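Structure record follows, encoded as structure tokens.
The values are calculated or read from the model by the stated rules, or taken from the named source; none is laboratory data. A quick note: this is a predicted structure, and the numbers were derived from the prediction, not measured. We place every Cβ from the backbone using ideal geometry, glycine too, and count neighbours over all the protein chains shown.
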């Protein structure tokens, strides 16, 4: 049992950090610009595909830096020549624009790369065992993902809280008129924020594409969960996104690894539901079947009891 708990905790921590790498950029865009970017996970996918393509010529380490820059440039162009023109009309046009953009990106990926998974592998320099727990090895690449996520969190926190650029970004959302009066180009600030957010998503794709799989459906797999993380953590809160990512990652990993049901909990207190009872199906439902919908149950409960999220200042 201790072995199962240990590995579930390690895997949940890793999955949570990958969720944070993807959700941190959306936290900036969705929380600070108020933009419903349904194509955010598509930029995550582009980061993986760009890194795979560049890596064949430059190696992994160069692609690790170039792929987010290229995707960030695409994000800047998307905001400047697309999203900016629909932003002034409200959230519904933004939703439709980014929703359509997500489908366009996915179809373009299918057109150029096909539908089969890419042979995107970890670099040889990180292909070794870092340590062993209960006779099972823990790869160094997983630790590398954790280090990248921690560096991303520290960098984002310092940027937003300790620098002049962070004050301009936050001020552009709450009081854009005053920021413009101080001589700052608010639309350009939004463009760079959007570009930076998509670049962060691409960085998550560079490492996430190796850990999971690089294929056209990877954006659809991660996209909905990222919105759960952003809402649970609180709009615009980087620490909140980190906490929410850990909660979702660890809970979902535990429900997949540990086989239990409400019936097991009831048995501890000497209570049982007959098999022919109205709620018997729910009572005996095992955790592995609950895991896929668990993040969305948490989302519903968050919106009911705490709409602003764990550390958010505005209502979701």
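Of note:
- Hey, residue 245 out of contact with any helix residue (DSSP H, G or I) (no Cβ under 7 Å at 6 or more places or on another chain) and either surrounded by 15 or more Cβ atoms within 10 Å (Cβ to Cβ) or within 17 Å of residue 33 (Cβ to Cβ) (or both) or not: no
- Meets criteria (modelled with pLDDT of 90 or more and farther than 18 Å from residue 55 by Cβ) for residue 84: no
- Just one of the listed residues (28, 19) is within 21 Å of residue 196 (Cα to Cα), modelled with pLDDT of 90 or more and out of contact with any strand residue (DSSP E or B) (no Cβ under 7 Å at 6 or more places or on another chain), and it is 19.
- Among residues of the range 62-81, those that are touching a helix residue (DSSP H, G or I) at 6+ places or on another chain (Cβ under 6 Å), at pLDDT 95 or above and more than 16 Å from residue 102 (Cα to Cα), counted: 6
- Taken over the range 94-110, residues that are modelled with pLDDT of 90 or more and either buried (at least 16 other Cβ atoms within 10 Å of the Cβ) or within 13 Å of residue 34 (Cβ to Cβ) (or both) amount to 7.
- Any helices (runs of 4 or more DSSP H) falling wholly within the range 1-115 and containing at least 3 residues that are under 28 Å from residue 158 (Cα atoms): 2-26, 40-58, 60-78
- For the range 200-209, the criterion of being out of contact with any strand residue (DSSP E or B) (no Cβ under 6 Å at 6 or more places or on another chain) and under 26 Å from residue 307 (Cα atoms) is satisfied by at least one residue.
- Residue check for residue 60: under 19 Å from residue 112 (Cβ atoms) and surrounded by fewer than 24 Cβ atoms within 10 Å (Cβ to Cβ): no
- Residue match in the range 42-61 (condition: at pLDDT below 90 and out of contact with any helix residue (DSSP H, G or I) (no Cβ under 8 Å at 6 or more places or on another chain)): no
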